[in-house]
1. How big is the convex hull of the Cα atoms of segment 74-114, per residue, in Å³?
2. Tell me, what ³J(HN,Hα) does each residue in segment 106-122 have, in order and in whole Hz, if you take phi through Karplus 6.51 cos²θ - 1.76 cosθ + 1.60 with θ = phi - 60° and put x for Gly and Pro?
3. Please give the direction-averaged projected area of the C-alpha convex hull for segment 226-358, in square nanometres with one decimal.
4. Give me the Debye-computed log₁₀ of I(q)/I(0) at q = 0.12 Å⁻¹ for segment 294-358, equal point scatterers on Cα only, no solvent, two decimals.
5. Could you work out the Rg to Rh ratio of the chain, with Rh taken as the Kirkwood radius (inverse of the mean 1/r over all Cα pairs)?
6. Given contacts defined as C-alpha pairs under 8 Å and at least six residues apart, what's the relative contact order of segment 54-265, whole-number percent?
7. Using the eigenvalues of the Cα gyration tensor, what equivalent ellipsoid semi-axes result for segment 205-261 when each is taken as the square root of five times the eigenvalue, whole Å, largest first?
8. Just tell me which aspartates and glutamates come within less than 19 Å, Cα to Cα, of LYS270; anything on the same chain fewer than 8 places away is out.
Amino acid sequence: MSFPHSSESIYSISPYIGGDVTPPGFTRRVVLASNENPYGPSEKVKEVVNNYTNRIHCYPSGAANDLRAALGRAHDLDPSWIVTGNGSEDILHLLARAFVQPGDEVLISQHGFGVYKIATLVMGGVPVEVPRIDFRLNVEDVLNLVTPKTKIFYLDHPGNPIAHYLTNDEVEELLKRIPSHVLVVFDSAYAEYLDDSNYHCGFKWVDRYPNVVVTRTFSKAYAMANLRVGWLYAQPDIIDPINRIRPPFNTTGLSQMAAIAALEDQEWIKKCVQLNKQVLTKFVADMKNLDIPMIPYMSNFVMAYFEKTQEVYRYLGERGLVVRPMGAYDLPQYLRITIGKQEEMQELIDVLGSCPHR
Ligand SMILES: Cc1ncc(COP(=O)(O)O)c(C=O)c1O
């Protein structure tokens, strides 16, 4: 019998399964399951972490003033329009907590990042799936699903596990037509990896639209997933309620200082992004040579299709190569593979080459 909970709907929530969870018999030697940056953070970040010993007994700045100022300088944004959190996942939850009431609808793209649905259900909200056609979102489909009850549209931008984004023209069209009672949340967790004039992470629309929010993270290109720093940028009418409900110390002093140091070393981010692109390009060519189909890719992971997906997953895991099965995303035939270092991807290609289940 389950322990009685004030909201029975909590039992409709499937817990998030991360890349840290693997079946027995697997060896976690090469982990390509969580879209982490394999090169690690900047040396400046490591220096901050190594030296952060004499302030552990002090509470951090709850408002993360210095970090918000540094983010403002780095991205040319008003720091008072920024809120930081314990990863961007925390921010995605805070948005639902502030703006979704029981029975409200929340638009989530098909195969969208798992946290959107959990954050919605926690509030008694109703997730409404926006279909993808050939893995692409379409503005008309989003608009057709909006009702007076729609409160949020979580737009994965670009998506995980489906790497697609709405182009600047499509976003303009969406924002012109979507009713202003719908908060459009651009989850731009992978923005650093994109270099395309048709793509914008969303900051430029925040100035023009009071219903636009952009979320960003230090977990991906900045390689600080373990330090848990995410943030949002939005107009004051969004910031104010979020700050009222935000746990007061939802980023640590250590992570704030590490994030400031990371922002000061943009050369390192550029280098990581460039290395990722090189390794991705070669890996994609090698996968094509093996005749393994993939969904279009663009950031630091690919989605590979297999007939015998579970068998391939096990074959890799038992040889120390951990990738991510996508059953929880309604894509049971796919394995998501993070782009690691060249030698790791070469090993994966070699093992796939000899895999009898492929
Ligand atoms: C699309 C997307 N958004 C948000 C996140 C959350 O990242 P974090 O909470 O580490 O900032 C992830 C992590 O995998 C992601 O893929």
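1. On the way: hull volume 5.2 nm³, N = 41.
Looking at segment 74-114, the number lands at 127 Å³ per residue.
2. 10, 7, 9, 5, 4, 6, x, 3, x, 5, 4, 5, 4, 4, 5, 5, 4
3. Details: hull surface 44.7 nm².
For segment 226-358, the mean projected area of the Cα convex hull comes to 11.2 nm².
4. Treating every Cα as an identical point scatterer, log10 I(q)/I(0) equals -0.27.
5. 0.96
6. Numbers: 385 pairs, mean separation 57.8, N = 212.
Once divided by the residue count of segment 54-265, the mean separation gives 27 percent.
7. Details: eigenvalues 108, 45, 13 Å².
Result for segment 205-261: semi-axes of 23, 15, 8 Å.
8. Candidates past the 8-residue exclusion: GLU36, GLU43, ASP76, GLU192, ASP195, ASP196.
Every number in this text was worked out from the coordinates using simple rules, so none of it is lab data. For clarity, every value in this text was computed on a predicted model and none was experimentally measured. All Cβ positions, even for glycine, are placed from backbone atoms using ideal geometry, and neighbour counts span all protein chains on display.
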